[in-house]
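Colleague: To start, I am sharing the structure in question, which I have written as structure tokens.
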Ligand code: HEC
């Protein structure tokens, strides 16, 4: 009598937990756990050992003794269901599910449901039926697989790891606006709630297509009427507004990040748009530069103010002047070869010499006069005088450039005579000498004295592309630098 009562209790429990598990799996995107319930998830790694052992024992006992103690099967079934449910709670707390967690979850849930099925078949006295045998085999197999993926989740993948601080990929020199910038911001600040596994508002932002498509309200990005885009509207709503994104308690976008997304939407929300396709006066250019040089604010705040009229007087077809950051007076200057080149094109830049941070004179027939001017650019950090006729003598004036980080003198006549000069450039991090007259001994003597200096000398083509990629790193940066203070 008492046994039947107990039995009906355990039947009800198994049924209830199974239904609850299925419910969790189906409605996962809509589930927001209270903290206490979420805390139950922490037990998952501990309890999961019980069902593994119990299931293997149960299957073994059933095979050998042709019959299984219903108590053993009941406990095994209940623990595997509880394990699956706590695992589900635990996974809700992790921001984004990788493939491994995805498989682990479905295998684990599948295992629990298969076991519940076995429990039910056994109840129907079908314990020795062929179907049950097949089921037991699948249970053992699923246990092994779920356990395997589970191990990978905790030991291999980033699950349970501390949130990474540099998920903002380093931005290359000429970034794709969507891939390298917009998608990084979204990954960082939105994707935890809007990914294929967790689609808050039925909205996944996992691809450009989905990002545009939007969620239950419809299109999130309206290319015809960019300003009307649901996505932008939500970013601009006051933080306290319920519809503001990301929700108030979450890490917010910086104003630069919001402007970046907005400008990108305004320009057509394309995934092929690249920095160098933009005109200099596009606000996006300054915004991207700002992102790439977040330390700019501190470093460049003391630069003298540049008079706009001076700037417009200096611009020419053969020279571009770019602001490196919207918030500073730092400039980047690029000269193009022209048949009518005269040194004055460069020496006329004297009024803004202190504002020049990067100067690209690659391929220009410069000489002593221009180099003298360069010495006045005391804040210069990146100088490109490769493919120019400069000699050791010509470049002597750059010894005063105490902030110079990167120098390109490849394909010039610069020789070992300049090694001492390079040794003295205290801020220099990268030197490009390939195709110059500098010898291997010269380079090794330089590197002995300045071990942290990267010298790019004569290298074969394959390694060269590697270095060119590395080259782009110098003006990029990590995410935390652009996070709100
Ligand atoms: C903490 C979770 C969370 C984060 C992080 C988050 N959202 Fe949401 N988002 C939601 C929820 C919940 C909804 C559905 C409720 C609503 O419509 O306000 C939603 C809805 C939306 C919608 C409307 C979808 C539709 O069609 O109804 C947009 C657009 C959106 N979010 C954009 C963003 C953007 C952009 C970010 C990152 C800057 C972001 N969200 C970050 C939880 C989040």
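Colleague: Over region 177-276, calculate the relative contact order: mean separation of alpha carbon pairs under 8 Å at least 6 apart, over the residue count, as a percent.
Modeller: Working: 117 pairs, mean separation 26.5, N = 100.
Once normalised by length, the contact order is 26 percent.
Colleague: Considering only DSSP beta bridges whose two residues both sit in the chain, what percent are antiparallel, to the nearest 5? Spell out each step's value before the answer.
Modeller: Numbers: 10 of 27 bridges.
Of all bridge pairs located within the chain, approximately 35 percent are antiparallel.
Colleague: Taking 0.36 nm per residue of separation and subtracting the Cα-Cα distance, what length does fully extending residue 445 through residue 64 add? Write out the running numbers ahead of the final one.
Modeller: Working: separation 381, 0.36 × 381 = 137.16 nm, distance 7.65 nm.
Gain in length upon complete extension: 129.5 nm.
Colleague: Between region 28-86 and region 439-459, what is the separation of their alpha carbon centroids in Å?
Modeller: Their Cα centres are 62 Å away from one another.
Colleague: I would also like to ask the following. Antiparallel DSSP bridges in region 296-364: what percent, to the nearest 5?
Modeller: Working: 6 of 10 bridges.
Around 60 percent antiparallel, to the nearest 5.
Colleague: Follow-up. Roughly how far apart, in whole Å, are the Cα centres of region 99-117 and region 302-354?
Modeller: 63
Colleague: Classify region 177-276: rounded, prolate or oblate, from the alpha-carbon gyration tensor (a ≥ b ≥ c, eigenvalue square roots; a/c under 1.5 rounded; otherwise prolate if a/b is larger than b/c)?
Modeller: Numbers: a/c = 1.35, a/b = 1.25, b/c = 1.08.
Since a/c stays below 1.5, the shape of region 177-276 is classed as rounded.
Colleague: Angle between the Cα long axis of helix 49-65 and the longest principal axis of the chain, 0 to 90 degrees, nearest 10?
Modeller: 40
Colleague: Using the per-residue mean of other Cβ atoms lying within 10 Å as a proxy for protection, in what order, highest first, do the peptides 345-352, 409-416 fall? Before the final figure, lay out the partial values.
Modeller: On the way: 345-352: 17.2, 409-416: 20.1.
Per-residue mean Cβ counts within 10 Å order the peptides as 409-416, 345-352.
Colleague: Which shape class applies to region 10-55: rounded if a/c is under 1.5, otherwise prolate when a/b exceeds b/c and oblate if not, where a ≥ b ≥ c are the square roots of the Cα gyration tensor eigenvalues? Display every interim value, and only then the final one.
Modeller: On the way: a/c = 2.12, a/b = 1.21, b/c = 1.75.
Oblate shape, in that a/c is at least 1.5 and b/c is the bigger or equal ratio.
Colleague: Right, here's the next one. Sort 225, 104 so the one with the fewest other Cβ atoms within 10 Å of its own Cβ comes first.
Modeller: On the way: 225 7, 104 26.
Lowest to highest Cβ neighbour count: 225, 104.
Colleague: Using the alpha-carbon atoms, what tilt in degrees (0 to 90, nearest 10) does helix 461-471 show relative to the longest principal axis of the chain?
Modeller: 90
Colleague: Add -39500 (n - 2.57) for each DSSP H run of 4 or more in the chain, then divide by its residues: what number comes out at 222 nm, to the nearest 500 deg cm²/dmol? Each step should come with its number before you reach the end.
Modeller: Details: 20 runs with 221 residues, N = 485.
Counting only the DSSP helices, I get -14000 deg cm²/dmol.
Colleague: Round to the nearest 10 and give me the degree value, 0 to 90, for the angle of helix 440-449's Cα axis relative to the longest principal axis of the chain.
Modeller: Between helix and principal axis, roughly 70 degrees.
Quick note: the coordinates plus some simple rules give every number you see, no bench work behind them. What you see is a predicted model, and the numbers here were worked out from it, not measured in a lab. As a convention, Cβ positions derive from the backbone with ideal geometry for all residues, glycine included, and neighbour counts pool all protein chains shown.
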